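Undergrad: Structure in structure tokens, see below.
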Amino acid sequence: MSASARAAVMTGYLEPFEVGPVRMRDPGPGQVLVRTAAAPFCSTDWMGWKAMRRTVPPVVLGHTAVGTVEAVGGDVRHLAPGDRVLVAGTPQCGECFYCRIGRPDQCDLLMGGAPNPVVADLPDGREVRAAGLVGAYSERMLVLGVQTHRLPDDLPFDAACLLGCGISSALGAVENIAHVQPGQSVAIVGLGHIGLWAVQGARLAGAGEIIGVDGHPGRRALAESMGATRLVDPTAGDPVDAVRALTEGRGADVVIEAAGPEVAQRQAVLMSRRAGTVVLMGVQHATSEVILPQGLLTTTGREIHGCQNGRVTPDVDFPRWIGYLRDGRLDPSGFVTRRYDLDEADQALRRSMALEDVTGVFAIGG
């Protein structure tokens, strides 16, 4: 018999969430029904709400969460009811071209262009889809077994729910893509939840200078408390000149962009040194374009990388980052600035848009 759940459903662009009952679909082969405990609100969700992504309503937003397995479909062997789990936005099917070449961050299940899956029905019969294969802003999630990972019993849900977006994107950028080395200078453009995790990742990697770039004074202060050694206010002057001045005129060895606007990505590339590494994570709008000098692209030897969820390999990376949280190398304090009920979904969205939260978390159960 299908399970019911309360969910915050986006039924239209720029409209209040419809919070109420939905009827979950039963788990089919390879699927898992998870009782949601906690889910972080991400800026990409209000971008979807504003029709800046390619999110089609009715849809449950939220692309990562933690909770407890309630039921499993056929072919799911690694999970059982009662397991505490992380549901990650990036699956690892192990079968598509990209998984076979070691790039599950591009797994066809997520990136292959298929529409978001139908996971539930509204009382009036409308089908509800799950954003990013997850649909976290609901009491229950119908997800894939290949995106669901067991959690240790001693890891609090509040901290664990940060793994599948902020931690994975940021630590993956530092470790998997930029391969930050001890002593290197690292500039981080944008000090929201991903940028702040990147500050911690750069510190763990032994970076010599960690330069935080953000116009929000509170975010700069947080970055300093988490390990940033220099701070740049891009509203007070040219941040490219400021970063170069802090790096003997060369530019940073590594630049990690976690801001979003096209200008921030252009600045991130320009503030890197010749033969430096740039990791771009932000997306302002699905149709945005970034203009860069052709000579810089072709003659200066820079490596410019895109970053979908930290180029994560879930079955390798998540156990390592869980270890970082458990032994205190990563500090989640300072990230969860407010907890919300599902009824407060509109408030969570507006506070995220206004930069009033670093990370708002839906505390749903568990």
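None of the figures in this text is laboratory data; all of them are computed from the coordinates on show. Computed from a prediction, not measured in an experiment: that's the story for all the values here. Note that each Cβ is placed from the backbone with ideal geometry, even for glycine, and that neighbours are counted across all protein chains shown.
Undergrad: Write down the percent of antiparallel bridges among all DSSP beta bridges whose residues are both part of the chain, to the nearest 5. Working shown, then result.
TA: Numbers: 36 of 63 bridges.
Of the beta bridges lying entirely in the chain, close to 55 percent run antiparallel.
Undergrad: Where the centroid of each part is defined by its Cα atoms, how far is the stretch 60-94 from the stretch 191-220 in Å?
TA: 31 Å
Undergrad: Charges on Cβ only, +1 for Lys and Arg, -1 for Asp and Glu, centred on the Cα centroid of the chain; of 362, 276, 99, which one is farthest towards the dipole's positive end?
TA: The residue sitting most towards the positive pole is 276.
Undergrad: What are the ³J(HN,Hα) couplings of the stretch 271-285, residue after residue, when phi is run through the Karplus curve with 6.51, -1.76, 1.60 and θ = phi - 60°? Round to Hz, x for glycine and proline.
TA: 8, 7, 7, 4, 6, x, 10, 10, 10, 9, 10, x, 9, 6, 8
Undergrad: Per residue of the chain, what 222 nm ellipticity follows from adding -39500 (n - 2.57) for every DSSP H run with n ≥ 4, rounded to the nearest 500?
TA: On the way: 12 runs with 90 residues, N = 366.
Calculated from helices alone, the mean residue ellipticity at 222 nm is -6500 deg cm²/dmol.
Undergrad: Related question: Whole-Hz Karplus ³J(HN,Hα) for the stretch 236-243, in order, using 6.51 cos²θ - 1.76 cosθ + 1.60 and θ = phi - 60°, x for Gly and Pro?
TA: Taking θ as phi minus 60°, the curve returns 9, x, 6, x, 5, 4, 5, 5 Hz for the stretch 236-243.
Undergrad: Under 10 Å, Cα contacts only: if you run a Gaussian network model on the chain, which one of 317, 238, 346 comes out with the highest mean-square fluctuation?
TA: Between 317, 238, 346, it is 238 that shows the largest mean-square fluctuation.
Undergrad: For the stretch 246-346, state which trypsin sites (Lys or Arg not before Pro) are in a DSSP loop and have at most 11 other beta carbons lying within 10 Å of their beta carbon.
TA: Working: sites: 250, 266, 273, 274, 302, 311, 320, 326, 329, 338, 339; in loops: 250, 302, 329.
Answer by residue number: there is no such site.
Undergrad: Connecting C-alpha atoms closer than 10 Å in a GNM of the chain, tell me which of 42, 99, 161 has the biggest fluctuation.
TA: 99
Undergrad: Which of rounded, prolate, oblate describes the stretch 198-266, given a ≥ b ≥ c as roots of the alpha-carbon gyration tensor eigenvalues and a/c under 1.5 marking rounded, otherwise prolate only if a/b is larger than b/c? Write out the running numbers ahead of the final one.
TA: Details: a/c = 1.44, a/b = 1.14, b/c = 1.26.
Rounded.
Undergrad: When 47, 111 are ordered from fewest to most other Cβ atoms inside 10 Å of their Cβ, what list results? Mind dumping the intermediate values first?
TA: On the way: 47 19, 111 16.
Going from sparsest to densest Cβ surroundings: 111, 47.
Undergrad: Residues with amide H under 5 Å of residue 41's amide H, sequence separation 5 or more or different chain, H placed in the peptide plane at 1.01 Å from N; which?
TA: 360, 361, 362
Undergrad: Related question: Taking the Cα centre of the stretch 166-308 as the origin, how large is its charge dipole in debye, to the nearest 20, when only Lys and Arg (+1) and Asp and Glu (-1) carry charge on their Cβ atoms?
TA: Magnitude of the dipole: close to 160 debye.
Undergrad: Let me ask you something else. What does the chain give for Rg and for Dmax, in Å, if only its C-alpha atoms count?
TA: Answer for the chain, Rg first and Dmax second: 20.1, 66 Å.
Undergrad: Using Cα centres only, tell me the gap between the stretch 253-311 and the stretch 149-164 in whole Å.
TA: Cα centroid of the stretch 253-311 versus Cα centroid of the stretch 149-164: 31 Å apart.
Undergrad: On average, how much area does the Cα convex hull of the stretch 1-132 cover when viewed from any direction, in nm²?
TA: Details: hull surface 33.8 nm².
Value for the stretch 1-132: 8.5 nm².
Undergrad: Counting just the Cα atoms, what span does the stretch 166-308 cover along each of its three principal axes? Round to the nearest Å and put the largest first.
TA: Cα spread of the stretch 166-308 along its principal axes, largest to smallest: 38, 32, 32 Å.
Undergrad: Pick from 96, 307, 165 the residue whose mean-square fluctuation is largest in a GNM of the chain, springs joining Cα atoms under 10 Å.
TA: It is 96.
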